């Protein structure tokens with residue numbers, strides 16, 4: 001009988017430990033994605049919300065729209081009596097991006113690579129691991145730098161240490177500001193993170209002239225019509241008026257869902273043309289239950305939205321966290337049944353237990369009194385003869 005009880009207790013302990021382990025792994029998953037941790041890194045007081053919005057091409061969102069969006073968000077903060085500046089005197093921390101394709105040339109080779117045209121604080125939201133050099137500022141007026149990944153660097157130069165060298169895009173020479181590492185792994189492969197990638201300013205991808213630093217005159221530096229093919233057979237980038245694929249925001253969040261609702265209201269678009277995500281809470285318990293509730297359905301993309309690789313990877317981690325939650329709950333089933341059984345037994349024998357408890361208290365009080373009398377007897381002074 002005792003052996004059976006010991007087995008039950010051992011199983012109880014193992015199930016509780018397994019549930020704790022799965023819970024720890026769940027929380028660790030979210031922390032592995034640096035793109036989802038910007039709010040917590042920006043402020044340890046949970047006073048900011050990180051939010052991402054992904055657009056369909058039908059939404060036709062442009063850089064000018066983002067400027068209007070920023071103004072609406074500032075107004076929303078002011079109406080909420082919130083200070084609209086951070087420690088650097090800026091009003092909002094945000095970025096935008098769109099995906100395309102560019103052909104890059106060096107003195108030794110060429111490559112047609114996936115290109116992200118970015119603006120704002122893109123590399124604040126996407127702190128890619130630098131192998132050499134640095135990022136470029138999305139708001140730099142010159143728009144004259146590019147960041148390439150290690151695949152592009154090796155193809156064009158045969159080395160990762162190529163910051164400061166030049167690549168030709170659309171007939172214009174641009175300096176390589178930095179080289180970043182390509183993530184590897186099961187989810188990274190599935191999300192196509194290892195594809196050769198270049199990060200340029202939105203204007204370069206759009207087909208704007210940019211600014212050459214290669215000593216070319218203004219006539220030589222002008223960019224041919226976007227969307228055409230150059231004399232070497234490469235792509236001249238996107239057509240003019242390129243629409244944005246994503247907008248990312250870090251905003252003060254005085255109350256729960258304030259930033260999410262403020263952005264949703266400011267967008268003013270049909271909900272079928274965008275998908276909005278609050279990154280700072282996506283790995284929370286309530287969101288994991290939401291993922292479970294929509295499991296399978298959420299894989300059905302009916303909005304004509306193509307997510308960038310970082311969002312696809314985050315969604316894969318969300319699914320994995322939801323499955324771990326199921327395992328955690330299953331591990332807690334036995335402890336809950338065990339506890340319910342004990343509570344039922346205690347309720348069923350409550351009269352007997354109450355009587356034994358009263359009897360135990362009486363015995364305890366009696367023993368306590370005897371002990372106190374003994375202590376007082378020892379403390380009583382001995383009379384001298």
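The values are calculated or read from the model by the stated rules, or taken from the named source; none is laboratory data. Source: prediction; values computed, not measured. All Cβ positions, glycine included, derive from the backbone under ideal geometry; neighbour counts span all protein chains shown.
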Matching residues, segment 282-313, being buried (at least 19 other Cβ atoms within 10 Å of the Cβ), under 13 Å from residue 26 (Cα atoms) and under 12 Å from the mean Cα position of the chain (by Cα): 282, 283
Candidates 29, 12 - the one that is outside any loop (DSSP other than H, G, I, E, B) and either closer than 22 Å to residue 269 by Cα or over 12 Å from the mean Cα position of the chain (by Cα) (or both): 12
Just give me the residues in segment 29-40 being at pLDDT below 80 and surrounded by fewer than 15 Cβ atoms within 10 Å (Cβ to Cβ), in sequence order. 31, 32
Segment 126-143 - residue that is farther than 20 Å from residue 196 by Cα and in contact with a strand residue (DSSP E or B) (Cβ under 6 Å, 6 or more places away or on another chain) and, of those, modelled with the lowest pLDDT: 138
Taking segment 262-298 and the residues there that are assigned to a loop (DSSP other than H, G, I, E, B) and over 26 Å from residue 243 (Cα atoms), the one that is modelled with the lowest pLDDT would be 296
Can you say whether residue 353 is outside any loop (DSSP other than H, G, I, E, B) and either in contact with a strand residue (DSSP E or B) (Cβ under 7 Å, 6 or more places away or on another chain) or surrounded by fewer than 13 Cβ atoms within 10 Å (Cβ to Cβ) (or both), as far as the supplied structure shows? no
The correct count of residues that are in contact with a helix residue (DSSP H, G or I) (Cβ under 9 Å, 6 or more places away or on another chain) and part of a loop (DSSP other than H, G, I, E, B) in segment 149-184 is 10
Return a yes/no flag: does segment 19-28 have any residue that is surrounded by fewer than 17 Cβ atoms within 10 Å (Cβ to Cβ), touching a residue at least 60 places away in the same chain (Cβ under 8 Å) and more than 27 Å from residue 326 (Cα to Cα). no
State yes or no: is residue 194 within 30 Å of residue 76 (Cβ to Cβ), at pLDDT below 85 and either out of contact with any helix residue (DSSP H, G or I) (no Cβ under 7 Å at 6 or more places or on another chain) or surrounded by fewer than 17 Cβ atoms within 10 Å (Cβ to Cβ) (or both)? no
Selection from segment 102-130 of residues that are assigned to a loop (DSSP other than H, G, I, E, B) and under 19 Å from the mean Cα position of the chain (by Cα): 121, 126, 127, 128, 129
